[in-house]
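Coordinate-derived values only; no laboratory data. Only a predicted model underlies this, so the values are computations on that prediction, with no experimental measurement involved. Heads up, the Cβs are rebuilt from the backbone with ideal geometry, glycines too, and the neighbour counts pull from every protein chain shown.
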């Protein structure tokens, strides 16, 4: 199963941009790159996903390297509510959509 | 509101007493899955289902059973719970197409004494 590697933790100041990196050097051609986040005492929440091109939505942006071996989740203006554990995950129909959650990156947002 | 509903949210039980954690979704999703979350181990998949009457094991299926008789429901059954099944459980669902974006339930915290 393809794995991802993320830093254990990162810190940011409120209202500043945050770039959360993820390495997935063994990604296959059919793998989608997903990002989920888990707020304290809640279930994981979908943030964004992409296949090859960069993606934007109301929550964040996803920048995917040209070789697809790494990606970056971008929160344009961090708020205190963005403090959570962020998971970078690969998923494909070939693997029966199995999502393998690693340990994620714990994001701390300073006021 | 589109959602995944789990019950109970909290449960304390004793070793060997059969229990069922229910999961229901109102989004007509084909794909449903159960995860458990433990400190230091992250989220691990227990079972998943691609559609009605189609289920398969995830990474940690031992001690658990599931069924998928209807599209909306995917109960997790612990026939004889043991203390090592004390955990936080999440149910999730999605359309089994393309990227398979999951919607998770709020979680069920189970303690087995």
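Laid out as a table, the results:
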{"read-out": "Inter-centroid distance (Cα atoms) of segment A:1-35 relative to segment B:21-48, Å", "value": "22 Å"}
{"read-out": "Residues B:27, B:32, sorted so that the one with the fewest Cβ neighbours within 10 Å comes first", "value": "B:27, B:32"}
{"read-out": "Ranked A:76, A:49, criterion: other C-beta atoms within 10 Å, fewest first", "value": "A:76, A:49"}
{"read-out": "Using distinct alpha-carbon pairs, which all enter the 1/r mean, Kirkwood radius of segment A:68-111 in Å", "value": "12.5 Å"}
{"read-out": "Peptide-level mean, for B:56-66, of C-beta atoms on other protein chains within 10 Å", "value": "1"}
{"read-out": "Global form of chain B, assessed from the alpha-carbon gyration tensor, a/c cut-off 1.5", "value": "prolate"}
{"read-out": "Whole-number D in µm²/s for the protein assembly as shown (Stokes-Einstein; Kirkwood sum over Cα pairs; 10 °C, 1.306 mPa s)", "value": "88 µm²/s"}
{"read-out": "Full-stretch length increase - residue A:103, residue A:66 - with 0.36 nm per residue and alpha-carbon distance subtracted", "value": "10.8 nm"}
{"read-out": "Modelled FRET efficiency - R0 30 Å, residue A:80 with residue A:28, Cβ distances, 0.05 increments", "value": "0.20"}
{"read-out": "Rel. contact order, % - alpha carbon contacts under 8 angstrom, at least six apart, segment B:1-61", "value": "24 percent"}
{"read-out": "Viscosity 1.567 mPa s, 4 °C: Kirkwood-radius Stokes-Einstein D of chain A over Cα pairs, µm²/s", "value": "93 µm²/s"}
{"read-out": "Over chain B, relative contact order from alpha-carbon pairs under 8 Å, at least 6 apart, %", "value": "36 percent"}
{"read-out": "Gained length - residue B:5 relative to residue B:22, 0.36 nm times residue gap less alpha-carbon distance", "value": "5.3 nm"}
